[in-house]
Every structure is written in C-alpha cells, then in structure tokens.
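Comments concern the structure below.
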Amino acid sequence: MHGIPAAKEIVEAALASAEKEGRTVKSIEVEMGPDSRLDAEELELCFDVASQDTALEDIKLKITLKPGLVECLDCGKSEEKTMVDRIPICPACYSPNLKINGIGIVIKDIELK
Ligand SMILES: [Zn+2]
C-alpha cells in the first residue's frame, strides 16, 4: 500500500516525541494536501496498519484536508483539489504534465498526555 511509508513516519515521529518527554500520545493532527497522492481514508487505513502493536494502536488521526491548485502545463486548466490520483492526468486534455501546488502530509500537532 502506497501510504504505508508516510504512515510509518507519522507513527515514528509521534513515538519519538512521546518517548523524549516520557509521556504517551493522546492525539495526532495532520494536514494533507494534493501532493500526498492519498485520500484521507487511505491514510487512516495505513496509519492503522503502521500503528499496530505500538503504543499508538488506539489513536485516531485527526486529518485536515488542505486543497492546493493543480495546473495543467499543456492546456492551462487549473483546479483546486485536496487529492490527485497517484498518476495524475489533466481532466480536460489528458496530459500527465501537471504542476501540483500543495502540501503532501504535514504533522501539525502531537498531543501528549
Ligand atoms: Zn490539460
């Protein structure tokens, strides 16, 4: 699954921050945009897999979607999107030549308890 490496990074970052403070993780907030090439459900699913058998097993991700502008470099069509396909193509001219202006996955907050 494509989102697993991203989910593992979130798990590792959260565990490291909890360990540093000698506390446990209460919640994790992430923002995701079109450059993640994932939708929120896919990220949640991958997070569930990546957090299995860790202290984060029962934690749910709080995901905020951040749209970004996806521009076609061939026909100039641009669209605000929160996610794009893994291999994105322009809906108007089917060109794969797209510029994606937006974030991937950013960890906003790791709340400890
Ligand atoms: Zn186009």
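A short reminder: the numbers here are calculations on the coordinates, not readings from a lab. As the structure is a prediction and not an experimental result, all values here were calculated from the model. In this analysis, Cβ positions are derived from the backbone assuming ideal geometry, glycine residues included, and neighbour counts consider all displayed protein chains.
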| task | Go ahead and run the numbers for FRET between LEU69 and SER17, Cβ-Cβ distance against an R0 of 41 Å, rounding to 0.05. | result | 0.80
| query | Is it possible to state the helix-based mean residue ellipticity at 222 nm for the chain, with each DSSP H run of 4+ residues giving -39500 (n - 2.57), the sum divided by total residues, to the nearest 500 deg cm²/dmol? What is it? | reply | -8500 deg cm²/dmol
| request: Evaluate the relative contact order of the chain (contact order divided by residue number), counting alpha-carbon pairs under 8 angstrom at least 6 apart; express in whole percent. | output: 37
| said: Give me a comma-separated list of calculated 3J(HN,Hα) values for region 84-99, in order, Karplus coefficients 6.51, -1.76, 1.60 applied at θ = phi - 60°, integers in Hz, x for any Gly or Pro. | reply: 10, 5, 4, 10, x, 10, 5, x, 8, 10, 6, 6, x, 7, 10, 10
| For GLU41, what is the net charge nearby, where nearby means another residue's Cβ is under 13 Å from its Cβ and Lys, Arg count +1, Asp, Glu -1? | -3
| field | Residues MET32, MET83 arranged by fewest to most Cβ contacts within 10 Å | value | MET83, MET32
| If we count other beta carbons within 10 Å of each Cβ, what is the order of ASP58, ASP35, ASP109, fewest first? | ASP58, ASP109, ASP35
| task | Provide the percentage of antiparallel DSSP beta bridges, counting only those with both residues in region 4-112; round to the nearest 5. | result | 75
| note | In degrees rounded to 10, the 0-90 angle between helix 4-21 Cα long axis and the longest Cα principal axis of the chain is 40
| field | Helix 40-50 axis, angle to the chain major axis (alpha carbon atoms, nearest 10°) | value | 40
| Amide H to amide H under 5 Å from CYS90: which residues, 5+ apart in sequence or cross-chain, H placed 1.01 Å off N in plane? | SER95, ASN97
| For the chain, modelled as a GNM with alpha-carbon contacts under 10 angstrom, which of THR54, THR82, THR64 fluctuates the most? | THR54
| request: Kindly give the semi-axes, whole Å and largest first, of the ellipsoid equivalent to the chain, taking each as the square root of 5 times a Cα gyration tensor eigenvalue. | output: 33, 13, 9
